[in-house]
Amino acid sequence: MKAEDYRERRIEIEGWEVNLATYKIGETYHCHAGNVSPGANIARAHGTTREEAEQRAVERSREHLSKTRVRAV
């Protein structure tokens, strides 16, 4: 199967810049949330609509990032 309807956007979650990449494979939308600065994967989610997949990925990202401490440099 081939990925379709690809969209990428940046949002802020818990003070971190997060890149959301959403695409459709078959009848399911998949969303990958990654931290822009170090380039780390934060969460992956899927759903029947783009909005559902993105909402789930944002919720999971918020859970993880709220527990992350930022060190002053």
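The values are calculated or read from the model by the stated rules, or taken from the named source; none is laboratory data. What you see is a predicted model, and the numbers here were worked out from it, not measured in a lab. Heads up, the Cβs are rebuilt from the backbone with ideal geometry, glycines too, and the neighbour counts pull from every protein chain shown.
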So which residues in segment 10-20 are surrounded by fewer than 15 Cβ atoms within 10 Å (Cβ to Cβ), at negative phi and either in a loop (DSSP other than H, G, I, E, B) or in contact (Cβ under 8 Å) with a residue 12 or more places away in the chain (or both), if there are any at all? Arg10, Ile11, Glu17
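Which is under 12 Å from the mean Cα position of the chain (by Cα), outside any loop (DSSP other than H, G, I, E, B) and either among the small types (Gly, Ala, Ser) or modelled with pLDDT under 95 (or both), of His46, His30, His64?
On the way: His46 fails: either among the small types (Gly, Ala, Ser) or modelled with pLDDT under 95 (or both); His30 fails: either among the small types (Gly, Ala, Ser) or modelled with pLDDT under 95 (or both).
Of His46, His30, His64, the one residue that is under 12 Å from the mean Cα position of the chain (by Cα), outside any loop (DSSP other than H, G, I, E, B) and either among the small types (Gly, Ala, Ser) or modelled with pLDDT under 95 (or both) is His64.
Considering only residues of segment 28-73 that are aliphatic (A, V, I, L, M) and touching a Lys or Arg at 6+ places or on another chain (Cβ under 6 Å), which is farthest from Tyr6 (Cα to Cα)? Let's see the steps before the verdict.
The first filter runs over segment 28-73 and keeps only residues aliphatic (A, V, I, L, M), leaving 33, 36, 40, 42-43, 45, 53, 57-58, 65, 70, 72-73.
Okay, now just the ones that are also touching a Lys or Arg at 6+ places or on another chain (Cβ under 6 Å), so 43, 45.
Details: Ala43: 17, Ala45: 15 Å.
The selected residue is Ala43.
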Taking segment 32-73 and keeping residues crowded, with 18+ Cβ neighbours inside 10 Å and among the aliphatic types (A, V, I, L, M) leaves Ala33, Ile42, Ala43, Ala45, Ala53, Ala57, Val58, Leu65
Close pairs (9 angstrom Cβ cut-off, 6 or more residues apart or separate chains): free of Cβ contacts under 8 Å to residues at least 60 places away in the same chain in segment 28-41, hydroxyl-bearing (Ser, Thr, Tyr) and in a strand (DSSP E or B) anywhere: Tyr29/Thr22; Tyr29/Tyr23; His30/Thr22; His30/Tyr23; Cys31/Thr22; Cys31/Tyr23; His32/Thr22; His32/Tyr23
